[in-house]
Amino acid sequence: MVSVVFSAAVGGIEAQIINVETDVSDGLPVFNMVGYLSSEVKEAKDRVRTSIRNSGISLKPKHITVNLSPADIKKTGTGFDLPVAVALLAAYEIIPYDILKDTVVVGELSLEGNVRRICGVLPIVIAARDNGFKRCIVPKENALEGAVVEGIDVVGISSVTELIEVLSGDSPLPIIEHKEVVLDGERNYDLDLCEVAGQLIARRAVEIAVGGMHNLILSGPPGAGKTMLAKRIPTVMPFLSFDESMELSRIYSIAGLLDSNRYVLTKRPFFSPHHTATVPSVIGGGIHAAPGAVSLAHNGVLFLDELPEFSREVIDSLRQPLEDRKVNVSRLNATYTYPSGFMLVASMNPCPCGFYPDRTKCTCSPVSIARYRRRISRPILDRIDLFVNVEKTDFRDIVGGTRGEDSRSVRNRIEKVRKIQLERYEGTQVRFNSQLSGGLVEKYCSLSEPCKKLMEKAYDSLELSARGYHRILKVARTIADMDGTDHIREEHLTEAIGYRGFV
Ligand SMILES: [Zn+2]
């Protein structure tokens with residue numbers, strides 16, 4: 001008998017429905033699996049056979065052929081174990097076939113017959129729903145991830161035995177109750193910007209950076225509170241929307257980072273890879289073409305603490321995701337695309353000892369300072385809009401106990417600035433001032449005569465590059481938006497020039 005069971009394969013952040021066709025006939029007892037399979041999928045037949053046997057079911061040796069189609073999609077991962085087992089049980093007429101017609105099945109099997117968690121349940125359940133299926137059978141451990149999707153039943157299964165019972169109708173389908181995604185914003189964060197005492201200049205720079213989604217470098221001596229400040233940046237970003245939450249949760253689902261405590265992401269990520277991180281861990285890749293740090297920071301902050309300590313390759317590899325807001329990850333003969341719309345925040349010491357320009361403490365030679373800074377490549381520096389010096393907090397600020405403005409107040413202002421940009425760039429690809437390029441900079445950052453003169457002077461005296469010149473205009477655009485004015489004025493430019501940093 002031939003049976004068809006539906007499953008799904010994940011590619012990028014989308015999933016596609018896969019047909020698992022099984023033919024069982026008399027003849028030489030063999031078990032063939034075909035259909036452009038990776039080695040893990042080919043190994044499914046051993047896990048499936050053993051786990052069915054260890055669930056107390058003996059299948060008569062027959063000629064078994066399993067075909068996974070469409071043939072042009074490479075099937076990877078271990079999620080096809082369960083659908084193959086179901087297809088086999090249906091073909092042997094151990095379970096009824098009818099219910100399977102509108103069901104998608106995914107899950108890995110252990111040799112004892114338990115169903116194990118897999119990666120990518122969320123995109124799979126979404127794909128199943130979008131393709132008109134009524135239910136999705138998934139590993140119980142992953143079920144909550146899928147239960148956030150409306151309009152489809154998610155069934156959590158923990159063993160082959162349980163599966164046979166429910167599919168035979170001996171016990172009711174264990175449908176997981178639909179989980180409403182609650183984006184409750186404020187209570188999500190256990191940090192707040194008010195905990196940063198003093199630091200008025202750095203706080204202002206953070207507000208500008210988030211306002212226009214400008215990338216930011218915090219430079220300052222050790223202990224100045226660069227990391228403390230950076231960690232609070234997501235708390236001033238506008239709250240995650242439902243669509244953003246789903247997009248981010250898909251990425252975390254594919255990366256296998258969701259569990260019963262965190263089955264959906266409701267706050268903006270702050271992702272901070274260690275400086276020993278490799279290119280695949282930052283960009284994405286590895287055996288399973290998993291999303292990297294740039295995608296795990298999507299819709300949030302990618303923080304590189306001590307930027308010059310990162311390898312040159314890692315820093316250079318950030319160029320493409322920064323430019324395109326998405327990243328292509330290749331593996332064997334497949335390429336996956338993951339979103340990477342993050343805000344880059346990096347911290348660094350201004351010199352090897354950390355105390356430059358305080359010459360009473362800094363003992364570094366100009367040559368060693370120059371060498372240290374050269375470790376950050378030009379192409380990345382070209383993509384950083386704001387450089388800010390974070391001074392060590394004034395003793396009076398700490399002792400005086402004056403708390404800074406809280407995240408909510410700052411976020412309220414940022415939301416207004418974001419709205420101005422969304423309206424201005426409506427109908428274009430641009431969402432933030434930082435995304436302006438070439439002719440668009442000229443168009444949206446037009447300057448009055450006095451402003452032009454000011455910039456001309458700055459261009460010559462500061463030896464600006466064309467890119468550097470544009471960066472100043474974009475930051476000034478954001479500062480003018482914070483001021484609620486259409487026209488960039490001299491004071492906006494002067495402030496923006498102040499964040500130009502050492503390049
Ligand atoms: Zn130094």
So Leu88, is it over 39 Å from the mean Cα position of the chain (by Cα), in contact (Cβ under 8 Å) with a residue 24 or more places away in the chain and outside the structural domain of Ser253 (by TED's automatic domain parsing): no
Search result, residues across segment 252-301 that are β-branched (Val, Ile, Thr) and either surrounded by fewer than 21 Cβ atoms within 10 Å (Cβ to Cβ) or under 17 Å from Leu122 (Cα atoms) (or both): Ile254, Val264, Thr266, Thr276, Thr278, Val279, Ile287
Segment 324-349 - residue that is out of contact with any Leu (no Cβ under 9 Å at 6 or more places or on another chain) and small (Gly, Ala, Ser) and, of those, nearest to Arg375 (Cα to Cα): Gly341
Test: residue in segment 237-248 that is outside any loop (DSSP other than H, G, I, E, B), open to solvent by less than 20 Å² (accessible area, probe 1.4 Å) and either in contact with an Asp or Glu (Cβ under 8 Å, 6 or more places away or on another chain) or assigned by TED's automatic domain parsing to the domain that holds Cys364 (or both): yes
Residue match in segment 205-212 (condition: open to solvent by 30 Å² or more (accessible area, probe 1.4 Å) and more than 22 Å from Ile95 (Cβ to Cβ)): no
Unique residue being in a strand (DSSP E or B), hydrophobic (A, V, I, L, M, F, W, C), at pLDDT below 95 and under 19 Å from Ile95 (Cβ atoms) when the list is Phe6, Phe31: Phe31
Verdict on Pro221 being under 14 Å from Phe270 (Cα atoms) and in contact (Cβ under 8 Å) with a residue 60 or more places away in the chain: no
Residue that is outside any helix (DSSP H, G or I), open to solvent by 20 Å² or more (accessible area, probe 1.4 Å) and at pLDDT 90 or above, where the choices are Leu218, Leu191: Leu191
Subset of segment 329-343 (residues that are aliphatic (A, V, I, L, M) and either out of contact with any strand residue (DSSP E or B) (no Cβ under 8 Å at 6 or more places or on another chain) or open to solvent by 80 Å² or more (accessible area, probe 1.4 Å) (or both)): Leu332
Segment 49-79, residues that are open to solvent by 40 Å² or more (accessible area, probe 1.4 Å) and among the small types (Gly, Ala, Ser): Gly56, Ser58, Ala71
Matching residues in segment 201-215 - criterion: being out of contact with any Ser or Thr (no Cβ under 6 Å at 6 or more places or on another chain), in contact (Cβ under 8 Å) with a residue 12 or more places away in the chain and assigned to a helix (DSSP H, G or I): Ile201, Ala202, Arg203, Ala205, Val206, Glu207, Ala209, Val210
Residues satisfying the stated conditions in segment 344-389, i.e. surrounded by fewer than 15 Cβ atoms within 10 Å (Cβ to Cβ), charged (D, E, K, R) and within 16 Å of the ligand (Cβ to nearest atom): Asp358, Arg359, Lys361, Arg371, Arg374, Arg375
Those helices (runs of 4 or more DSSP H) lying entirely in segment 436-503 with at least 1 residues without any contact (Cβ under 8 Å) to a residue 24 or more places away in the chain and of a type in the set (Phe, Trp, Tyr): 449-461, 466-482
Pairs where the first residue, in segment 351-379, is more than 16 Å from Gly220 (Cβ to Cβ) and the second is of a type in the set (Val, Ile, Thr) and more than 8 Å from the ligand (Cβ to nearest atom), C-beta under 6 Å, 6+ apart: Ser377/Ile315
Residue under evaluation Leu318, criteria (1) out of contact with any Phe, Trp or Tyr (no Cβ under 6 Å at 6 or more places or on another chain); (2) more than 16 Å from Gly284 (Cα to Cα), criterion not met: (2)
Sole residue being in the same structural domain as Phe239 (by TED's automatic domain parsing) and open to solvent by 80 Å² or more (accessible area, probe 1.4 Å), chosen from Glu313, Glu306: Glu313
Lys392, sole failed condition from (1) touching a residue at least 12 places away in the same chain (Cβ under 8 Å); (2) open to solvent by 70 Å² or more (accessible area, probe 1.4 Å); (3) more than 15 Å from the ligand (Cβ to nearest atom): (3)
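The values are calculated or read from the model by the stated rules, or taken from the named source; none is laboratory data. Everything quoted here is computed from the prediction, not taken from an experiment. Cβ atoms come from the backbone with ideal geometry, glycine included; neighbour counts cover every protein chain shown. The accessibility values were calculated without ligands, DNA or RNA, using every heavy atom of the protein model including side chains. Shrake-Rupley method; radii C 1.70, N 1.55, O 1.52, S 1.80 Å.
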